[in-house]
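Contents: one structure, followed by commentary.
The values are calculated or read from the model by the stated rules, or taken from the named source; none is laboratory data. Since the model is a prediction, treat every value here as computed from it, not as a measurement. Quick reminder, even Gly has a Cβ in these numbers, built from the backbone with ideal geometry, and neighbours come from all protein chains shown. Each accessible area value is taken on the protein alone, full model and side chains, heavy atoms only, with ligands, DNA and RNA left out. Shrake-Rupley method; radii C 1.70, N 1.55, O 1.52, S 1.80 Å.
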Amino acid sequence: QVQLVESGGGLVQAGGSLRLSCAASGRAFSSYAMGWFRQAPGKERDFVARISWSGDTTNYADSVKGRFTISRDNAKNTVYLQMNALKPEDTAVYYCAAALSGRRVAQGVPDYWGQGTQVTVSA
């Protein structure tokens, strides 16, 4: 069993930056591929980024490439999402996800979800 708790969301002006954190409880965090998703009001939950268990491989949605960076610290059981050059269209609830299979993260069917953290970008 893995529990995921996101933090770091908030209100920021367009062009600003935020760093989200996702702290995982339970053993074997380093065995899990991790990801970030987001859901804007009235829209489906969308993939943002994922990272392999080792941190060697990362993937991003086209909409965030070059602006967002996913990373992990297995010693701290934490995954991060550094978000730069934020735009109003980045406004959403951001969710952390974990799965033993990186493919399941990419497909949006992870083994575990966090509760989400709100990010609001004002124009």
Next item on the list: Might you check whether a residue that is within 11 Å of the chain's Cα centre (by Cα), hydrophobic (A, V, I, L, M, F, W, C), more than 20 Å from Gly26 (Cα to Cα) and open to solvent by less than 20 Å² (accessible area, probe 1.4 Å) occurs anywhere in segment 86-93?
Entry: no
Checklist line | Enumeration of residues in segment 19-39 that are open to solvent by 30 Å² or more (accessible area, probe 1.4 Å) and not in a strand (DSSP E or B) | finding: Gly26, Arg27, Ala28, Ser30, Ser31
Next item on the list: Could you grab the pairs with beta carbons closer than 7 Å, sequence gap of 6+ or different chains, first residue in segment 65-81 and at pLDDT 95 or above, second one of a type in the set (Phe, Trp, Tyr) and open to solvent by 50 Å² or more (accessible area, probe 1.4 Å)?
Entry: Phe68/Tyr60
Next item on the list: Collect the residues in segment 48-85 that are surrounded by 21 or more Cβ atoms within 10 Å (Cβ to Cβ) and among the β-branched types (Val, Ile, Thr), keeping them in residue-number order.
Entry: Val48, Ile51, Val64, Ile70, Val79
Checklist line | Whichever residue in segment 94-121 is assigned to a strand (DSSP E or B) and among the β-branched types (Val, Ile, Thr) and, among such residues, is nearest to the chain's Cα centre (by Cα) | finding: Thr117
